[in-house]
Amino acid sequence: MARNRFPVEILTPEGEVYKGEVEMLSTKTSVGSIGILANHAPLLAMLDPTELRLYESDTEIVRFAQGEGYLQVSDNKALMLVEDAIRPDALDVENLRERLDEAARTLEQAQDGSAEQAKARRDKRRWEAFLKVAEGPASS
Amino acid sequence: MSQRDVKNRISSVKNIQKITRAMEMVAAARLRRAEQRIEHLRPYAEAIRRMTRTAAGAAENIPHLPILKEHATQESVGLLLVTGDRGLAGAFNSQIIRAGLRAATEYEAAGQKVHFSATGRRGVSSLTFRGRELEGRYVGFTDRPAFADARQIAEDLMVAYVDQKVDRVEIFYNGYISPLSQVVRRETLLPLQQASILGDDDLDVVEDASDSATVNHARSLVEYEPDPEEILKRLVPDYVEISVYRALLESTASEHGARMTAMRSASENAGEIIEDLTLEMNRARQAEITQEIMEVVAGAEALT
């Protein structure tokens, strides 16, 4: 049975990347994975880098490599504000590996508690998540 | 003026016109790109604003974060003036500096200390010339500001606020409306309680009204994941960064628009001057010819 659909809008600093109706939205908050269906209660959540999946129907799944951001659900509408949202086919695995290595190196050398360390840690987490998305459909 | 002097002036005005035309065209090309960037950022910036307000509304009773705390005393103010690296853009730079200095005078009259910082070489040099100390100088990127630039500035502003060096942070920039019109915007970034987000000014007033209505009666109903305080810990710095980034992009678009307009009127003005000078040159040439004819006629008459 088809589920009810609800509007989703995804904004990044570079503009709107998605606007449409979906049956389910699946992403990850800083607490854990979350799935949003139609008529969800009002919510404000902080998102971690992960694979974002938008189920337009049972078979049509739009996937994004999603960076840090926020998710707001109100009046049966979902608004996502994220720093990046990139389609998996636009990701470059080689490039991601390099960036991940670089972040890992920086993290090792950075001083404990410095802003540099915090930034490298966030970078590393982002590139790890993106790499997972880029390396093909998640097994889960 | 002799004929040759006029001719020289015409050719120099023509050269100036060539330069202003070229600058106009360069500004027009850059304006298109800058316009696109600011138009893409605006919805995101507005949404971050609204979200910050929602979360701050819910977290009213937990002012543990130093960035959220309103300072007990109002002794010093940080003003950030967003200008360009280059001039020749009409009133673009001067109106920001004027607005900033006027605000500073008001604060100083009220006995508060003012800490200036500025982006863009024009702002930095004008303030230095007026004998103002600058806390932060950010130059070299106003043609095409990157997010990293905004992050750097935002960080400095937040550090000053958290360390109680300033009790209030305001930002002055040219808001981009169209190539022909830019308005000086003055926004309060911190403290959040007085920030411009809370009493809203702009574009989507309608949406805002409905939004704040839902916020008010739904405050307790909204789920937070994690709790509002944790969210604010990341959201507030993001909000400040985005606000600064937006100001930079608005300013860049405004700068190119202002320069394009200024250069267009300079080119038109040069055209008028050329016309006037050509007329003057023709008149001088004719006067010379008449003079010669009269001399010849007078000479012939003297012979007969």
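Taking (1) surrounded by fewer than 19 Cβ atoms within 10 Å (Cβ to Cβ); (2) assigned to a helix (DSSP H, G or I) in turn, B:Leu65 satisfies each apart from (2). Scanning region A:1-21 for residues that are closer than 25 Å to B:Asp238 by Cβ and surrounded by 16 or more Cβ atoms within 10 Å (Cβ to Cβ) gives A:Val8, A:Glu9, A:Ile10, A:Leu11, A:Thr12, A:Pro13, A:Val17, A:Tyr18.
The test for being closer than 17 Å to B:Ser254 by Cα, in contact with a helix residue (DSSP H, G or I) (Cβ under 6 Å, 6 or more places away or on another chain), of a type in the set (A, V, I, L, M) and part of a helix (DSSP H, G or I) holds for B:Ile97. The criterion of at least 3 residues that are free of Cβ contacts under 8 Å to residues at least 40 places away in the same chain and either among the hydrophobic types (A, V, I, L, M, F, W, C) or loosely packed, with under 15 Cβ neighbours inside 10 Å (or both) is met, among strands (runs of 3 or more DSSP E) falling completely within region A:42-140, by A:43-47. Out of B:Leu198, B:Leu235, B:Leu189, one residue alone is part of a strand (DSSP E or B) and either at pLDDT 85 or above or not β-branched (Val, Ile, Thr) (or both). It is B:Leu189.
Quick grid of which residues meet (1) under 24 Å from A:Asp89 (Cα atoms); (2) within 14 Å of chain B (Cβ to nearest Cβ):
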| residue | (1), (2) |
| --- | --- |
| A:Ala41 | no, yes |
| A:Asp48 | yes, yes |
| A:Leu52 | yes, no |
| A:Val62 | yes, no |
| A:Ser74 | no, yes |
| A:Ala78 | no, yes |
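Could you list all residues from region B:11-67 that are among the small types (Gly, Ala, Ser) and within 9 Å of chain A (Cβ to nearest Cβ)?
Within region B:11-67, B:Ala45, B:Ala47, B:Ala55, B:Ala58 qualify.
Among the residues of region A:9-24, those that are on the phi < 0 side of the Ramachandran plot and within 11 Å of chain B (Cβ to nearest Cβ) comprise A:Glu9, A:Ile10, A:Leu11, A:Thr12, A:Pro13, A:Glu14, A:Glu16, A:Val17, A:Lys19. Residues of region A:75-94 that are farther than 30 Å from B:Arg50 by Cβ and at pLDDT 90 or above: none at all.
Scan region A:1-8 and give yes if some residue there is in a helix (DSSP H, G or I) and more than 14 Å from chain B (Cβ to nearest Cβ), otherwise no.
Step one: list which residues in region A:1-8 are in a helix (DSSP H, G or I), which gives none.
The answer is no, given that none of the residues of region A:1-8 is in a helix (DSSP H, G or I) and more than 14 Å from chain B (Cβ to nearest Cβ).
A single entry from B:Glu255, B:Glu295, B:Glu241 fulfils the requirement of being at pLDDT 90 or above and within 14 Å of another protein chain (Cβ to nearest Cβ): B:Glu241.
Scanning region A:25-39 for residues that are in a strand (DSSP E or B) and closer than 18 Å to B:Met51 by Cβ, which turns out nearest to the other protein chains (Cβ to nearest Cβ)? Looking at residues that are in a strand (DSSP E or B) and closer than 18 Å to B:Met51 by Cβ, I get A:Thr29.
The values are calculated or read from the model by the stated rules, or taken from the named source; none is laboratory data. All figures in this text were calculated on a predicted structure; none of them were measured in a lab. For neighbour counting, all protein chains shown are included, and Cβ atoms are generated from backbone atoms with ideal geometry for every residue, glycine included.
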